[in-house]
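Enquirer: Can you keep this structure in mind? I'll have questions shortly.
The values are calculated or read from the model by the stated rules, or taken from the named source; none is laboratory data. Treat the numbers as computed from the prediction; the structure is a model and nothing was measured. A quick note on method: Cβ atoms are made from the backbone with ideal geometry, for glycine too, and the neighbour counts reach across all protein chains shown. Accessible surface is based on the protein model in full, side chains and every heavy atom, while ligands, DNA and RNA are left aside. Shrake-Rupley method; radii C 1.70, N 1.55, O 1.52, S 1.80 Å.
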Amino acid sequence: MKWLFAATLLGAILAAVETGGANTRPQFRNVAMLSRFSYRTRNGYPGHKYFVGSMCGGVAAFDYDGDGNIDLFFTNGSPLPELRKTDPSYFNALLRNRGDGTFDEVTRKAGLEGAKLSYSFGIAVGDYDNDGHPDLFLASAGRDVLYHNNGDGTFSDVTAMSGIDTKPRDIISVAAVWFDYDNDGLLDLAVSEYTTWTPESDIRCFASDGITEVYCSPTRYRSTPNRLYHNLGHGKFEDVTENSGFGKSAGKGMGIVAADFNGDGLMDVFIANDTERNFLYLNRGHGKFEEVGLLYGVAYNENGSTVSGMGADTADYDNDGWPDIFYNDLDAQTFALFHNERGRLFSYVSPRTGIERLSRSFSGWSTHFIDYDNDGWPDIYSANGDVDYLGANAKQHDTMWHNDAGRSFSDVSDRMGPDFLPIGFHRGSARADLNNDGAPDLVITGLNETPRILLNSGSNNHWITLDLTGTRSNRDAIGARLKLVTNSGRTLSTQVGTSSGFMSSSDRRAHFGLGAEIGIREIQIRWPSGTEQIIRHPACDRILHIREDAR
């Protein structure tokens, strides 16, 4: 009966795509119940609100076995204060995409249960050794972990031999990003560090009544520098935090994204900080970074205030050719949209684009630019839910804000279908095309909940997805810059990357919505190596596999 239901549901989704008229509106449907897996996001809440218990449940969307279908990996917490996964209900989980809308749990077979790990937060996906098999880095309270993909469906913990586990054990690592900062063809790793904490150093905090326990403000804990590892090749990394300039600024790092923000051919890093100013590390070349968040206008909001920065993402939301920055934060604050002024600085545009008004009552965690309707304008998704369990607005529904031609955003959350709107304490999320139909899907975790796997029913608009493989560049093509020109002269741009949202990694394939247009004049690719490649007149509504021209 389960498979009959699956076929019926998937048939309904496909029918929505094929039979809709010009006004077809995409909706998201949760298909998680069609698969058998035991994973639930568990934060180990024992009755005492340990500081780490408010965040848990990272998601990675990646093709671990090379079959063309995007698989899913989830991190999990642990009992507190033990900080050990003392029973299987706290294990991490790997779900293999069967290609029919269902998933098989293959965690044990893959060696990714993490029975000996601590409280796990974020995931970064990247093929660090260019062997064609994506690897995993797990950020944690305690020991961070590097898993090597063996190419046979299994992973090995290679942390000890990699040189990547150099941080003190009392530092909480929240998230990370793979990127090639020196364009040598090998992916390096930046880690978003949050604070120093152990169960023994945990602080107890109470509401104004002096009785009700609450999660402590991050301001009660010390700031710490972020971390940078240089890939030396042959599975070895060097901690270059101090020499690179990363170690000069201490914050409380949460969402982290990498892109070439100033167009100089070198990848930079943005980090949203919790209750501290945000960081923008500009890549100055020769292994050096300069933190310029204040100079470039992204350190604070327009009032010069710090907020509880959570998830972050980057995209060219107005199609002017420059990557912009978005991050979310807590209710009564304002989610921040920064417009890139041609690589010279950023303008805070939350008020004029409607983001200030739309975000006021929400506490956001993970977030993505996602062109859910393929009209060519990246929309904004936010996974929401308050930090604490108290008050009428504690559990919240997620939001989708439609990009109105790069000028402003409007709330279309209630049009996304009932499976999009359940209230909860939502945390991690990944953006991916799980069924390769050109309509981007979402996977979302919530504290002490089964994840939602939301398939997008799609629209009548056209699209193209680019699956790039580097040869001189890193094999994942992370950092490649793409410009698409339609037959009508419309231009769209994006950069290849996987870090998106909060504690999560998304589908690395580059996706363009084309609206009603079916003709593409050309796609210009500038690879991280500097190689320039042009693809002329590709057909739309398909996934195009492109290999870097090695000449």
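Enquirer: What is the spread of the Cα atoms of the range 268-392 along each of their three principal axes, largest first, in whole Å?
Expert: That gives 51, 36, 24 Å along the principal axes, largest extent first.
Enquirer: Return the whole-Å distance between the Cα centroid of the range 237-282 and the Cα centroid of the range 322-376.
Expert: The distance from the Cα centre of the range 237-282 to that of the range 322-376 comes to 19 Å.
Enquirer: Report Trp365's accessible area, 1.4 Å probe, all protein chains in place, as a number in Å² to the nearest 10.
Expert: 0
Enquirer: Sticking with this one: Under a Cβ-Cβ limit of 4.7 Å, which cysteines in the chain have nobody to pair with?
Expert: Within the chain, the cysteines lacking a partner Cβ under 4.7 Å are Cys56, Cys540.
Enquirer: If r is the Cβ-Cβ distance from Ile211 to Glu238 and R0 is 51 Å, what FRET efficiency results, to the nearest 0.05?
Expert: 0.50
Enquirer: Another one. Roughly speaking, to the nearest percent, how much of the chain's 1.4 Å accessible area is carbon and sulfur?
Expert: Taking all protein chains in place, the chain shows 49 percent carbon and sulfur surface.
Enquirer: For the range 221-316, what class follows from the C-alpha gyration tensor (a ≥ b ≥ c being the square roots of its eigenvalues): rounded when a/c is under 1.5, otherwise prolate if a/b is larger than b/c, else oblate?
Expert: Prolate shape, in that a/c is at least 1.5 and a/b is the bigger ratio.
Enquirer: Could I ask something else about it? What aspartates and glutamates could a cross-link reach from Lys49, if we take a straight Cα to Cα line under 16 Å and drop same-chain neighbours fewer than 8 places away?
Expert: Here the aspartates and glutamates satisfying the reach criterion relative to Lys49 are Glu82, Glu200, Asp202, Glu213, Asp386, Asp388.
Enquirer: Given the options Met161, Pro199, Ile171, identify the residue whose Cα lies farthest towards the positive end of the charge dipole of the range 153-199 (+1 on Cβ of Lys, Arg; -1 on Cβ of Asp, Glu).
Expert: Farthest towards the positive pole: Pro199.
Enquirer: Could you point to the label whose value was computed as semi-axes √(5λ) of the Cα gyration tensor in Å for the structure here, given (1) 31, 27, 25; (2) 44, 28, 20; (3) 47, 26, 19?
Expert: Only one listed value fits the structure, namely (1).
Enquirer: Give the shape of the range 366-475 as rounded, prolate or oblate, defined through the alpha-carbon gyration tensor: a ≥ b ≥ c are the square roots of its eigenvalues, a/c under 1.5 means rounded, and otherwise the shape is prolate if a/b is larger than b/c and oblate if not.
Expert: prolate
Enquirer: Then there's this: Which percent, to the nearest 5, of DSSP beta bridges fully inside the chain are antiparallel?
Expert: Here the antiparallel bridges make up roughly 95 percent for the chain.
Enquirer: Still on this structure, please answer the following. Add -39500 (n - 2.57) for each DSSP H run of 4 or more in the chain, then divide by its residues: what number comes out at 222 nm, to the nearest 500 deg cm²/dmol?
Expert: Mean residue ellipticity, 222 nm, calculated: -2000 deg cm²/dmol.
Enquirer: Hey, another quick one. Go through Glu82, Glu200, Glu548, Glu302 and list them by solvent-accessible area, largest first, probe radius 1.4 Å.
Expert: The ranking, largest first, comes out as Glu200, Glu302, Glu82, Glu548.
Enquirer: Would you mind getting the Kirkwood hydrodynamic radius of the range 196-264 from its Cα pairs, rounded to one decimal in Å?
Expert: 15.7
Enquirer: Given a 1.4 Å probe, how much area per residue of the range 256-299 is accessible, in Å²?
Expert: 30
Enquirer: Something else: Please provide three numbers in whole Å: the alpha-carbon extents of the range 49-146 along the principal axes, with the largest listed first.
Expert: Cα spread of the range 49-146 along its principal axes, largest to smallest: 41, 29, 22 Å.
Enquirer: Moving on. Report the relative contact order of the chain, percent, no decimals, based on alpha-carbon pairs under 8 angstrom and at least 6 residues apart.
Expert: Worked out over the chain, it gives 15 percent.
Enquirer: Might you tell me the accessible area per residue for the range 191-249, computed with a 1.4 Å probe and given in Å²?
Expert: 48
Enquirer: Still on this model: Taking the alpha-carbon distance from Lys288 and a cut-off under 27 Å, which lysines remain once sequence neighbours fewer than 8 residues away in the same chain are dropped?
Expert: Partners found: Lys167, Lys236, Lys248, Lys252.
Enquirer: Would you give the gap between the C-alpha center of the range 491-549 and the C-alpha center of the range 193-218, rounded to a whole Å?
Expert: Centre-to-centre (Cα) distance: 44 Å.
Enquirer: Separate question: For every other residue with a beta carbon closer than 10 angstrom to the beta carbon of Asp507, add +1 if it is Lys or Arg and -1 if Asp or Glu, then tell me the sum.
Expert: Once all neighbours under 10 Å are counted, the net charge is -1.
Enquirer: Figure the gain on full extension for Leu390 and Glu517 (residue separation times 0.36 nm, minus the Cα-Cα span) and round it to one decimal in nm.
Expert: 40.9 nm is the gain from fully extending Leu390 to Glu517.
Enquirer: In the full protein assembly as shown, how much of Arg357 is accessible to a 1.4 Å probe, in Å² to the nearest 10?
Expert: Approximately 150 Å² for this residue.
Enquirer: If you count only protein heavy atoms and use a 1.4 Å probe, how large is the accessible surface of Thr399, to the nearest 10 Å²?
Expert: Near enough 0 Å² of accessible area.
Enquirer: Related question: Which of the lysines could be linked to Lys116 by a straight reach, that is with a Cα gap under 18 Å, when you skip same-chain ones fewer than 8 residues away?
Expert: Excluding near neighbours in sequence, the set is Lys85.
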